[in-house]
1. Note down all Cβ pairs under 7 Å where the first residue falls in segment 107-128 and is part of a helix (DSSP H, G or I), the second is surrounded by fewer than 14 Cβ atoms within 10 Å (Cβ to Cβ), and they're at least six residues apart or on different chains.
2. Of the numbered conditions (1) touching a residue at least 24 places away in the same chain (Cβ under 8 Å); (2) surrounded by fewer than 16 Cβ atoms within 10 Å (Cβ to Cβ); (3) of a type in the set (S, T, N, Q), Thr45 fails exactly one; give the number of that condition.
3. Starting from residues that are touching a residue at least 24 places away in the same chain (Cβ under 8 Å) and of a type in the set (Gly, Ala, Ser), keep the ones in segment 48-80 and report whichever is farthest from Phe16 (Cα to Cα).
4. Could you tell me whether segment 71-92 includes any residue that is closer than 18 Å to Pro15 by Cβ, in a helix (DSSP H, G or I) and modelled with pLDDT of 95 or more?
Amino acid sequence: MDTIESFLSVLSMLPFFPFLIVYFLVLYYKKQKKVALLTAMDVTTIFLIAAVAALFNNTFDSGFGFYLILILLLIALGLIGSAQTRLKGKIDYKRMFRVVWRMAFVLMGFSYLVLMAFGLFSYIIALM
């Protein structure tokens, strides 16, 4: 059990490894690059959310990182659901969740890079 827990903690701290693993596995079995890319994005989003929450908590000495991400995702769901209702008169839940999940991948990927760089620079400055 400790091995599985250690493996998952490494994957959540280095979230782009799961992306590569899932991408190449799906590409090997399905032989479709688009399907492999989208599946890898969907799986990696979970690891990115965990990593960004941990980096946020560590960088700002807070315990609010995960809750902030959750609140932002819920707000995005509400805004997209409202826009769908105004434009089409109904909500397509599958499409709404897919859009928010893929937006979360992009935003969490960017946040991961920014928080990682900020944490590295602050660590280097603290050593001087």
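The values are calculated or read from the model by the stated rules, or taken from the named source; none is laboratory data. Nothing here was measured: the structure is a model prediction, and the numbers come from that model. All Cβ positions, glycine included, derive from the backbone under ideal geometry; neighbour counts span all protein chains shown.
1. From residues that are part of a helix (DSSP H, G or I), the pairs are Gly119/Asn58.
2. Looking at each condition in turn, Thr45 falls short on (2).
3. Ala76
4. So far as segment 71-92 goes, yes, one or more of its residues are closer than 18 Å to Pro15 by Cβ, in a helix (DSSP H, G or I) and modelled with pLDDT of 95 or more.
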